[in-house]
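Undergrad: The structure that follows is given in the form of structure tokens.
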Amino acid sequence: MTFTQLHLAQPILRAIEEEGYTEPTPIQAEAIPAVLEGHDLMAAAQTGTGKTAAFTLPMLQKLFTHKREGKRKIRALVLTPTRELAAQVHASLKSYGRHVGIRSVEIYGGVNIYPQTKALRSGVDVVVATPGRLLDHLNQGHLDLSHVEMLVLDEADRMLDMGFIHDIKKIIAALPHKRQTLLFSATFSKEIKRLSATILHDPRLISVAADNTAAERIKQTVHPVDKAKKADLLSFLIGDRNWKQVLVFTRTKHGADKLSRRLSADGLPATSIHGNKTQAARMKALKAFKDGRVRVLVATDVAARGIDIDKLGQVVNFDLPEVAEDYVHRIGRTGRAGNAGEACSLVCIDERHLLQRIEKLTGARIEKVLVEGYHPDPSIKPEPVKARGGRRRQNFGSHKPRGRGGFARRS
Ligand code: AMP
């Protein structure tokens with residue numbers, strides 16, 4: 001299958017070629033024709049599968065081939081759970097649409113609202129937004145969604161986890177009833193199915209075996225180690241394995257800062273990215289990492305959502321996540337678009353139950369490799385992992401959406 005066979009317009013094909021893509025990924029091959037035919041879509045797809053192009057390419061095609069006269073009106077709306085993902089999707093849209101003459105804007109909180117208002121006033125075809133800030137604009141009368149032809153909910157499961165359901169419903173109420181709706185989600189909980197039933201019309205169901213293929217492509221290892229030795233072990237591994245670019249996950253913001261300071265002190269240039277940092281600081285840290293000026297980026301789950309680093313070879317779970325699905329999201333940062341990747345987890349005795357949850361979710365046992373000099377001390381007894389404040393889900397398998405307390409607002 002080639003992109004030409006998908007009947008995309010020349011300016012779009014040119015951009016795809018310039019991106020260096022030679023053939024559509026499985027989700028693109030399935031989704032693009034379905035969207036072009038006008039179907040609603042319910043797609044099970046993780047980041048790393050090429051899902052962004054799966055909806056932005058046919059969106060651009062439709063906007064391009066059915067141009068409207070007069071002042072630009074918002075014709076497509078993409079909702080994402082986090083600002084990073086909104087920025088990422090918007091960057092992809094601009095890149096794939098660079099020869100098409102489509103105007104778009106990214107809308108999210110944590111930054112000055114004025115430039116967004118200005119862009120909206122000047123007229124755009126596509127808005128990529130997080131729900132909270134979009135609703136602020138809507139309430140203030142900065143935008144008119146009554147001409148939207150296509151709505152995309154990207155990472156819908158995340159949006160529900162983060163308590164955005166009411167915002168989403170309010171936004172949908174401002175859209176025309178007759179529209180095309182595409183829903184992308186890594187998991188299909190009861191809540192997602194309930195939402196789909198109310199907003200999708202006779203959807204095409206698309207499921208690429210993303211979790212498994214991604215997980216299979218990524219070499220996963222667990223290094224059992226005592227909690228107090230984790231930082232030493234990480235420092236050792238980065239040097240010993242000569243990892244050039246490594247994304248490290250911690251459970252807490254404080255933990256991310258502390259670890260990044262420690263690695264820097266060991267001579268391994270590191271920086272951190274988490275929800276307490278301003279958007280500008282997060283972007284700066286990400287850029288330094290992408291440019292290779294820092295070797296280690298230490299991140300919390302929320303901050304890392306949607307981060308797309310081409311050819312990232314190594315992910316490390318310094319702490320295991322409390323929510324097993326986060327593990328799949330974390331390791332999905334590597335092994336993207338067919339590249340090989342490695343993910344290792346430093347697991348102390350307190351985290352054994354978290355590891356079991358992950359293995360239950362992925363349906364596979366992860367190889368355990370002891371590192372010489374860092375064997376766990378068998379006399380250490382497990383202690384409960386401290387629950388974090390503001391966490392959205394404490395229990396594995398429970399998908400109850402939370403209110404807007406703290407967590408959701410950060411996006
Ligand atoms: P996504 O799942 O949308 O986050 O995309 C993951 C990565 O795959 C991004 O770095 C894209 O640039 C890349 N990508 C998307 N489509 C293709 C394709 N057809 N061929 C090669 N790389 C792709």
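Undergrad: Using the count of nearby Cβ atoms within 10 Å as a rough guide to exposure, how do VAL371, VAL89 rank from fewest to most? Walk me through the numbers on the way to the answer.
TA: On the way: VAL371 17, VAL89 27.
Ordered by Cβ neighbours within 10 Å, fewest first: VAL371, VAL89.
Undergrad: With a 10 Å radius around each residue's Cβ, average the other Cβ atoms per peptide and rank 262-271, 151-160, highest first.
TA: 151-160, 262-271
Undergrad: Once the dipole of the stretch 173-262 is set up with Lys and Arg at +1 and Asp and Glu at -1 on Cβ about the Cα centre, which of ILE218, LEU182, THR250 lies farthest towards its positive end?
TA: Comparing the listed Cα positions along the dipole, THR250 ranks first.
Undergrad: Please arrange PHE3, PHE164 by how many other C-beta atoms lie within 10 Å of their C-beta, fewest to most. It would help to have the intermediate numbers written out before the result.
TA: Details: PHE3 20, PHE164 25.
In increasing order of surrounding Cβ atoms, one gets PHE3, PHE164.
Undergrad: Let me ask something else about it. How large is the dipole of the stretch 218-368 about the Cα centre if only Lys and Arg carry +1 and Asp and Glu carry -1, each at its Cβ, rounded to the nearest 20 debye? Numbers along the way, then the final one.
TA: On the way: 28 positive and 18 negative charges, 80 e Å.
With only Lys, Arg, Asp and Glu charged at Cβ, the dipole is about 380 debye.
Undergrad: Projected onto the charge dipole of the chain (+1 at Lys/Arg Cβ, -1 at Asp/Glu Cβ, origin at the Cα centre), which of THR300, LEU60, VAL127 gives the Cα projection farthest towards the positive end?
TA: Result: VAL127, furthest along the dipole toward the positive end.
Undergrad: What is the gain in length, in nm to one decimal, between ALA231 and ASP266 on full extension, counting 0.36 nm per residue of separation less the C-alpha to C-alpha distance?
TA: Contour length minus the Cα-Cα distance gives 11.6 nm.
Undergrad: Please report, largest first and rounded to whole Å, the three semi-axes of the ellipsoid equivalent to the chain, where each semi-axis is the square root of five times an eigenvalue of the C-alpha gyration tensor.
TA: 37, 22, 21
Undergrad: Could you tally the net charge around SER146, taking each other residue with its Cβ under 12 Å from the Cβ of SER146, Lys/Arg +1 and Asp/Glu -1?
TA: +2
Undergrad: If you don't mind, another one. With 18 Å as the limit, write out which pairs from LYS230/LYS284; LYS253/LYS277; LYS51/LYS219; LYS229/LYS381 have Cα-Cα distances beyond it, or answer none.
TA: From LYS230/LYS284; LYS253/LYS277; LYS51/LYS219; LYS229/LYS381, over 18 Å: LYS230/LYS284; LYS51/LYS219.
Undergrad: With only Lys, Arg, Asp and Glu charged, each at its Cβ (+1 for the first two, -1 for the last two), find how big the charge dipole of the chain is about the Cα centre; round to the nearest 20 debye.
TA: 1340
Undergrad: If each residue's Cβ is checked for other Cβ atoms within 10 Å, how do PHE236, PHE55, PHE289, PHE64 rank with the fewest at the top?
TA: PHE236, PHE64, PHE289, PHE55
Where a number appears in this text, it was derived from the coordinates with a stated rule and is not lab data. Model, not experiment: these values are computed from the prediction. As a convention, Cβ positions derive from the backbone with ideal geometry for all residues, glycine included, and neighbour counts pool all protein chains shown.
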